[in-house]
1. Provide Rg over Rh for the stretch 12-61; use the alpha carbon set for both Rg and the Kirkwood Rh (inverse mean inverse pair distance).
2. What is the spin-label model distance, in nm, from L60 to L28 if the labels are put 7 Å beyond Cα along the C-beta direction?
Amino acid sequence: RSLGTTGLSDHAAFKEVRIPAAFLHRGLDGHYHTPQDTTLSTTLVQDAASAAWSIGQAVLAAPFTPRPECGLTGRDCH
C-alpha cells in the first residue's frame, strides 16, 4: 500500500472513489515521463509482468469471502 500517492497515476481515480486498484511501476528509469521517455526496457517490463502474474495467482488461490459493497454506495469501507 502506498499512502503518499498523487493524482498523477492511472489508478488514482479508482482509489479516489475507493475502488481497489493496483499500480505496478516498471522500475526506476530517469527518463520516465520526460521528453526522453522514448524507449522501453524489456527487463523492467518483464519484472512488472512477473510481479502482476504472481499477485494474480495469489489472489486466485486465496479464499473468497464476500462482503457488502462499499465506497460508491456511501458506506464507509474502513
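Where a number appears in this text, it was derived from the coordinates with a stated rule and is not lab data. These numbers were taken from a predicted model, which means no experiment stands behind them. Here the Cβ positions follow ideal geometry from the backbone for every residue, glycine too, while neighbour counts run over all protein chains shown.
1. 1.07
2. Going by the 7 Å Cα→Cβ label model, 3.3 nm.
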